[in-house]
Each structure stands twice: as structure tokens, then as C-alpha cells.
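Asks: I have a structure I would like to understand better, so I am pasting it below and will then ask my questions one at a time.
The values are calculated or read from the model by the stated rules, or taken from the named source; none is laboratory data. Here the structure is a predicted model, which means the values were calculated and not measured. Cβ coordinates were reconstructed from backbone atoms using ideal geometry, including for glycine residues, and neighbour counts include every protein chain displayed.
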Amino acid sequence: MDAAVIVVGAGPAGLILAGELRLAGIDVVVLERLAKPTGESRGLGFTARTMEVFDQRGLLPRFGEVETSNAGHFGGLPVDFGVLEGAHQAAKTVPQSQTEAVLEAWVKELGTDLRRGWEVLSITQDGDTVEVGVRAPEGEQRLRASYVVGCDGGRSLVRKAAGFDFPGTAATLEMFLADVKGLDLPPRMIGETFPGGMVMVGPLPGGITRLILCERGTPPQRRTTAPAYEEVVAGWKRVTGQDISHGEPVWVSSFGDATRQVTEYRKDRVILAGDAAHIHLPAGGQGMNTSIQDTMNLGWKLAAVVQGRAPEALLDTYHGERHPVGQRLLMNTRAQGLLFLSGPEMQPLRDVLSELIPYEAVSRHLAGMVTGLEIHYDVGGGTHPLLGHRMPRIELVGEDFKTSSTELLHAGRGVLLDLEDNTVLRRRAAGWADRVDIVTAAPHGIAPGSPLDGTAAVLVRPDGHIAWAAPGSHQDLPTSLERWFGPHRWA
């Protein structure tokens, strides 16, 4: 074996997965086709849910001062995301290149073997191993691992080589995205339409302007190289009448509205995550964020199976929990695309939605969908309102320490939080102490009526989701511990 797990792709999803595996002590190799980062940033910022993910691993301070905002949109129609409770707002204007640099530094500190300039050519499953053919700087090689995870984007070679079904709809149009210096254009929100198409203008740090252009009637193209800036200039002129030829392009890219999702996220020992598993129109900044959350869900489960601490069936919950999330992602991005890419025929629907959005119930629904804060998993049933949801950040006071529910998750382990100093409860969980941190602490600052008001204990998975709570869970604590962390082991 060259590694227990081989991760293909060093984008945000692949790097998060590598970090999660290394936190658990798994030997992991990351293979990245590019010899160095491109510096391009399709994604800007991250949602409140991803802010939570970074916070629970102690990564937020590495980004420095982050501009945040509650301003959001659905299909170009403004939505106030502040209607959702939570510790975080969405981060704005953090370029994806910075996100990748922060994550790469983190995984290298954890001892990840990151190999750049290694292009995957083939994937072959053979019993309890997977063989990966690669073109390395020194020539072609073959590597073997127990599992391979494809985080290699929308054109994933891992997905194709392993034979995953990838149904959906092909692209019907082409859009341009460009970061340009030397332009002085007024900001335009996404969704501002012209008779010939849609444009967006957003100022970025460093005197850079981000442009998005969709010219109606432009057929999709399967490009092997980036489009020329002259194409953007010509299309911008036709749609807006403005001349932007004097701008200096930093980089130019194109994308379409293809919508596809694999029918299964795992085929035996080959697993997909992020854009390798689902592609869609970029809308609301959801792509990178959903990809990161895919691998946060997968990492601790894969680590437990590789180490023999949990049965392989635990990996089935990755598909069971994340495939429905991908389905809703594709549904809402298609709906948004209809709103901000269609012509005047869609204006009556825009008008109706504009009337509905000010209603708090509507705003909460749309905001929860786009941010991912609505996501919760089936963890066994019960009446506690937080079951399956992410553990909210709360301050905690122990006998001789102060901490928070977020800080307890920095190590990437499960946490049993005893909020009422229950000796019997802790004794029942002792057989899982090698995988679950058992912490006794009192909550500080819990508001009356909060979901945690009156809660005696919670079992939090490494990804931050609550798997058991008392009172309110239908399953008893040992059953939940065994389901998510494997059989007990007495010291």
C-alpha cells in the first residue's frame, strides 16, 4: 500500500478531506494534476455554514480579518439572511485562491503527502485495494490504496474511470467570468438584465473588478483553453453598449448551466465528493461550500472504517445524507438560473417572488436553502429539536476550565457533552472514550426557550451534527454511540 487513502484533487474539498483524515491519523496521499495553484478564484467567500465548519476546526483566524454580511439573494432577488439564527454571517470577498492556500498550509502541518504535477490516468478496483495509474514528473507510476476519493472537479477522471452514472441535463448556454483591472464600472447585482442578456459587476480588493456575462442565444462550447478577453469585450458591448476593451484581464474563464449528479456517491472503494459528484449553475456561491461540507461529512466516517473502529456500513450514511443535499442544490440552482438568466417572460414570476420574500417564513426558507443552514440528517429519530442539526456554538464552564462547543471539535473527534454532571451517563459512554471525548460542563448564556434550554446531554459527531440528545432521543446512548462510532471497547 502506498497510502490508506488516495485523494485526487487539491481543491477545497480534497484539502478538507485530507485534513480530516490526518486529524484521525490516517496515512493519506493527495494527487493534484496542476504543478502549482492557478491563482484563479471562481469562488468568493463562503456561506455561514462553511464559516461554522472552519470555526469548528480552529481555521477561521488563519483567514485574518474577514468581511461578513447578511445580505444575500435568490435568483438575483435580495434576501436578508439575518433572519436565520447563528453565530456566523457569510464571508464576503475571500478569494478561493486564499481559501486553498490556507487549507493547503493546514494539511501540510498535519503531515499530508501532497503531490503536485501528478495526473491520474486510470482507476482499477481489485478486491480490498484500488490501483491508481498516474503520470508523475518522473514518469508513469502505479499506486495502491484501500480507498480512493475523487475530489477532481466537474470533469472528474475518477468518476469516469470508475464507471459512475452521471445523469442530468447538458449545458444550454455559455457564461463568461473575468477579473479585470483598470475598469471603472458601477456595481451591478446579479439578476440585472438587459434585452440581450445578464451582467454582473462586483468590485474586488486591489482595484480588480469581477465581471459575469451571459449573452442570450450563446451556444455552449466545450473549451480546452480559457476564452480570450476579446470575447468578453465583444459580448459586453453587444449586451450593455459599454466598451471595456481598455481593461487589463487578470484571468478569464467560462462556464455553463449543465446540471448533473451521480446516482451513487460510492462504488465499493471509490468515493466521490464535491463537483465530481454534482455539477450545476453557479448561483449563490453554493458550489465550493457544498463540496467542503461533503468532505466534512465523509472524512471522519472514512477514517473510522479504515482504522477498523466502525463497520463499512458507516460509509453508506455518506451517500444517504449527502445525496439528498446535492439534489436540493441542483433544484435550487436551476430555479435561480431561470430567474436571473431568462428574459422578460420571467418578470411576472420575479414580481410575485419579490412580494413574497419580505414574509419572514419565505425569507427563512430561501436563506436556509442557499446557506445550507437548513440541513439536518436522520440520526435515529426523537423529539429534541436539535437532533440531526449542527451543534450551535455555546460557551461552557467546567470545574477548572472555560471552553465552547466549537472548541471541543477542533480535534475532529466525537464529543459527549454532559451538561448536568451525570455520573451514570459518563459510565455508559466509557467504552467509547478512545473515539469520543466525554466532557462535563455547564452551559453559559443559554437563553430561555433556546433548543438547548433544559437539555441534559448531547452527543456530537466530528462533523458537528448532533446524533443523540437527552431528553428527546428515541434511541438510548449506547445504541447511538455504536451506530456512529462502532462497538464499545473497554480499557
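Asks: Does region 284-306 contain at least one residue that is touching a Gly at 6+ places or on another chain (Cβ under 7 Å), without any contact (Cβ under 8 Å) to a residue 60 or more places away in the chain and within 30 Å of H410 (Cβ to Cβ)?
Replies: Within region 284-306 (the criterion being touching a Gly at 6+ places or on another chain (Cβ under 7 Å), without any contact (Cβ under 8 Å) to a residue 60 or more places away in the chain and within 30 Å of H410 (Cβ to Cβ)), the answer is no, since none of the residues qualifies.
Asks: So, one more: Which condition number does S146 fail, the rest of (1) touching a residue at least 12 places away in the same chain (Cβ under 8 Å); (2) in a loop (DSSP other than H, G, I, E, B); (3) surrounded by fewer than 20 Cβ atoms within 10 Å (Cβ to Cβ) being met?
Replies: (2)
Asks: Can you name the residue in region 214-228 that is small (G, A, S) and farther than 10 Å from G197 by Cα and is also farthest from the chain's Cα centre (by Cα) among such residues?
Replies: The extreme case among them is A228.
Asks: So, one more: Please enumerate the residues belonging to region 27-67 that are of a type outside the set (D, E, K, R) and closer than 14 Å to G285 by Cα.
Replies: If the condition is that a residue be of a type outside the set (D, E, K, R) and closer than 14 Å to G285 by Cα, then S41, G43, L44, G45, F46, T47, A48, T50, M51 are the ones that fit.
Asks: Are any of the residues in region 399-406 basic (K, R) and under 21 Å from Y318 (Cα atoms)?
Replies: no
Asks: Considering only residues that are charged (D, E, K, R) and without any contact (Cβ under 8 Å) to a residue 40 or more places away in the chain, look in region 170-192 and name the one that is surrounded by the most Cβ atoms within 10 Å (Cβ to Cβ).
Replies: If we take residues in region 170-192 being charged (D, E, K, R) and without any contact (Cβ under 8 Å) to a residue 40 or more places away in the chain, then R188 is surrounded by the most Cβ atoms within 10 Å (Cβ to Cβ).
Asks: If I filter region 135-151 for residues that are under 30 Å from R393 (Cα atoms), modelled with pLDDT of 95 or more and within 23 Å of the chain's Cα centre (by Cα), do I get at least one hit?
Replies: yes
Asks: Show me the strands (runs of 3 or more DSSP E) entirely contained within region 11-120 in which 3 or more residues are hydrophobic (A, V, I, L, M, F, W, C), in contact with an Asp or Glu (Cβ under 9 Å, 6 or more places away or on another chain) and in contact (Cβ under 8 Å) with a residue 40 or more places away in the chain.
Replies: 28-32
Asks: Now a separate question. Name the residue, out of D275, D316, that is modelled with pLDDT of 95 or more, closer than 20 Å to F176 by Cα, of a type outside the set (F, W, Y) and not assigned by TED's automatic domain parsing to the domain that holds L213.
Replies: The conditions single out D275.
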